[in-house]
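Student: Before I ask anything, here is the structure I am working with.
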Amino acid sequence: MTGIEGPFWRVIAVFRVASLVYAAVLLLRAGGYAHPATGWLVIGFMALWTAAMIFAYSYREFRGWPLLVADMLVTLGCLLATPLVQGAYQPGSLPITGTWMGGAVLAWGVYGGRRVGAVAALIVSLADLWLHDLRGPGVQFETLPINGTVLLFLAGVLVGHVARLARQAETRLQRAIEIEAAGRERDRIARDIHDSVLQVLALVQRRGQEIGGEAAELGRLAGEQEAALRELVRLRPEPPSAGDADLRTLLQVYGSASVTVSVPATPLTLPAAAAGEMAAAVGAALDNVARHCGPHAPAWVFAESDGGVITVTVRDEGPGIPEGRLEEAAATGRLGVAQSIKGRIADLGGTVTVLSAQGEGTEIEMSVPAPRAAD
């Protein structure tokens, strides 16, 4: 038995054996009931089935609905054989199976969770109640095995719930182990890059500035790549949920010698499509900086999450935007800010605030609601 479920199946195996022994003891104490030969035949079949189920449930590939349904049908068959063994109904008596019938309920709960465990308990309980009504037409409500029914439901629901929690804990533990392993590998690669590639890029940048001319341009490009690579190896992205993306990773692409990208240490998780649109809006804002302030003008990108809102701010120290210039550009069909930035963010249910003054630079603040974390 492997995985977190292994202990549960071992406990069920112990329960089946103990319940089988208990059913045999009840048969002995009752002197074999009305039909001893039939009683021992049923007990013998229960013993064979117990051994078969202990073997089958010990292998993950055998666990599935075919085995679970077969286990339930055999349990119901042994339970409904009670009249053939005990004869006339005796108030307060247990069926021939005793507590053995709970093994199938526990198996269903471990495999499918609390709801499936409750369904299994309902099936067995209905069969037990119907059996008492069949054996005693005059049976009163007070003599029905209500306590056994309640215990079956509690066992199925609680064991199923605990098994589901254990599986979730195992998944989270495995994910944490993978993240830790990825972090160690990233640290190793970062050290190698720092000791080799970054040192070479820094040397090229320094020598290019010293030589001048075309070498200076080469040095500038090397400096931009060095800055981008440093940001890349510094960031520790966590794997987002399926269908989501970490906005930090998308924003780091824009880092360069002239563009400073600052992101928090915790993930900025958005649906993948939303993260892509927001990153594209940031790219459009940086394109405007390069177009109106110069290709090497400094710019800053700040990202943060606060109060269920993810905000990204793009700031520059350019000449600023004259009052009314954005409206004039939109009216003449130049929709860079109106569509590429405001339009994208509006489609995500967010807002854009542009703060600018003549000669004091521009600040574009884009905010979108963050998805609520799953319970």
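The values are calculated or read from the model by the stated rules, or taken from the named source; none is laboratory data. These numbers come from a predicted model, not from an experiment. Neighbour counts are summed over all protein chains in view; Cβ atoms, including those assigned to glycine, are modelled from backbone coordinates with ideal geometry. Accessible surface areas use protein heavy atoms only, side chains included; no ligands, DNA or RNA. Shrake-Rupley method; radii C 1.70, N 1.55, O 1.52, S 1.80 Å.
Student: Cut-off 10 angstrom, C-alpha nodes, Gaussian network model of the chain. Which of G148, G160, G213 fluctuates the most?
Tutor: Result for the chain, Cα springs under 10 Å: G213 fluctuates most.
Student: Residues with beta-carbon under 13 Å from that of L348, excluding L348: net charge, scoring Lys, Arg +1 and Asp, Glu -1?
Tutor: Working: positive: K342, R344; negative: E277, D347.
Computed value for this residue: 0.
Student: May I ask you to derive the relative contact order of the chain, considering only C-alpha pairs under 8 Å and at least 6 residues apart, and to give it as an integer percent? List each step's numbers first, then the result.
Tutor: Numbers: 510 pairs, mean separation 36.7, N = 375.
Here the relative contact order equals 10 percent.
Student: Solvent-accessible area of S340, probe 1.4 Å, all protein chains present, reported in Å² to the nearest ten, please.
Tutor: 40 Å²
Student: So how far, in whole Å, is the C-alpha centre of the range 244-261 from the one of the range 12-30?
Tutor: Each part reduced to its Cα centre gives a spacing of 66 Å.
Student: Sticking with this one: Quick check: the angle from helix 214-234's long axis to the longest principal axis of the chain, C-alpha only, nearest 10 degrees?
Tutor: 20 degrees
Student: Same structure, new question: Rounded to the nearest angstrom and ordered from largest down, what semi-axes does the equivalent ellipsoid of the range 1-133 get from its C-alpha gyration tensor (root of 5λ)? Working shown, then result.
Tutor: Details: eigenvalues 143, 51, 26 Å².
Computed over the range 1-133, the values are 27, 16, 11 Å.
Student: What do you reckon, how do I193, I177 stack up by accessible area (1.4 Å probe), largest on top?
Tutor: Working: I193 35, I177 80 Å².
Solvent-accessible surface, decreasing: I177, I193.
Student: Size of the chain along its principal axes in angstrom, Cα-based, largest extent first?
Tutor: Principal extents (largest minus smallest coordinate, Cα): 108, 50, 27 Å.
Student: Tally Lys and Arg at +1 and Asp and Glu at -1 over the other residues with C-beta under 10 Å from the C-beta of G109: what net charge comes out?
Tutor: Details: positive: R114, R115, R164; negative: none.
My count for the surroundings of G109 gives +3.
Student: Please list 22-30, 291-299, 244-252 highest first by mean number of surrounding beta-carbon atoms within 10 Å per residue. It would help to have the intermediate numbers written out before the result.
Tutor: Working: 22-30: 16.2, 291-299: 14.6, 244-252: 20.9.
The packing order, highest mean first, is 244-252, 22-30, 291-299.
Student: What area, in nm² and to one decimal, does the C-alpha convex hull of the range 249-297 cast on average over all directions? The partial results should precede the final answer.
Tutor: Details: hull surface 14.0 nm².
Projected over every direction and averaged, the Cα hull of the range 249-297 covers 3.5 nm².
Student: For helix 146-195, report the angle its Cα long axis makes with the longest principal axis of the Cα atoms of the chain; keep it between 0 and 90° and round to the nearest 10°.
Tutor: 30 degrees
Student: What is the sum of charges around A181, taking Lys and Arg as +1, Asp and Glu as -1, for the other residues whose C-beta is under 12 Å from the C-beta of A181?
Tutor: 0
Student: To the nearest 20 debye, what charge dipole does the chain have about its Cα centre, counting +1 at the Cβ of each Lys and Arg and -1 at the Cβ of each Asp and Glu?
Tutor: Numbers: 30 positive and 36 negative charges, 358 e Å.
Here the size comes out at about 1720 debye.
Student: Still on this structure, I have one more. When the helices in the chain are scored as -39500 (n - 2.57) per DSSP H run of 4 or longer and the sum is shared across all residues, what 222 nm value do you end up with, to the nearest 500 deg cm²/dmol? Intermediate values should be presented prior to the final figure.
Tutor: Numbers: 13 runs with 225 residues, N = 375.
Computed ellipticity for the chain at 222 nm equals -20000 deg cm²/dmol.
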